[in-house]
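Visitor: Input: one structure, supplied below.
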Amino acid sequence: MVGDALAGRYAALGRSRLALLGLALVYLVSPIDLVPEAFVPLLGLADDSVVALWLAGAFLAETDRFLVWERDRPAVEARVR
């Protein structure tokens, strides 16, 4: 999906949406946090949970759209000369 989106074959997933998914993933694995768990434990976990839930939902939705697109596209693409 990412390869087809970056190559321009799958236009439904734009670079901005792909960047947003990547930023959410980086936010989750990064030790730098908007609300650190050390200072406000429950709120610190809540912001990570919101980002994780959004990322999971967005990724599942994009994957579903990609699979439909991939299933419906022609098996052999015509070459443009």
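The values are calculated or read from the model by the stated rules, or taken from the named source; none is laboratory data. Just so we're clear, the structure is a prediction, and the values are computed from it rather than from any experiment. Only protein heavy atoms, including side chains, enter the accessible area calculation; ligands, DNA and RNA are left aside. Shrake-Rupley method; radii C 1.70, N 1.55, O 1.52, S 1.80 Å.
Visitor: Quick check: at a probe of 1.4 Å, how many percent of the accessible area of the chain sits on carbon and sulfur atoms?
Guide: The computed percentage sits at 69.
Visitor: Report the extension gain between residue 58 and residue 32 in nm, rounded to one decimal, defined as 0.36 nm multiplied by the number of residues separating them, less their alpha carbon distance.
Guide: 7.1 nm
Visitor: Right, something else. From largest accessible area down, sort 54, 69; use a 1.4 Å probe on the protein chains.
Guide: 54, 69
Visitor: How much area per residue is accessible in the chain when the probe is 1.4 Å and only protein heavy atoms are counted (Å²)?
Guide: Result: 76 Å² per residue.
Visitor: Of 66, 39, 59, which has the most accessible area with a 1.4 Å probe, and how do the rest follow in descending order?
Guide: Highest to lowest solvent-accessible surface, that is 39, 59, 66.
Visitor: So how much slack lies between residue 25 and residue 46, counting 0.36 nm per residue of separation and subtracting their Cα-Cα distance, in nm?
Guide: Contour length minus Cα-Cα distance gives 6.0 nm.
Visitor: Would you compute, for the Cα atoms of the chain, the largest minus smallest coordinate along each principal axis and list the three values in descending order, in whole Å?
Guide: Over the chain, Cα extents along the principal axes are 60, 22, 14 Å.
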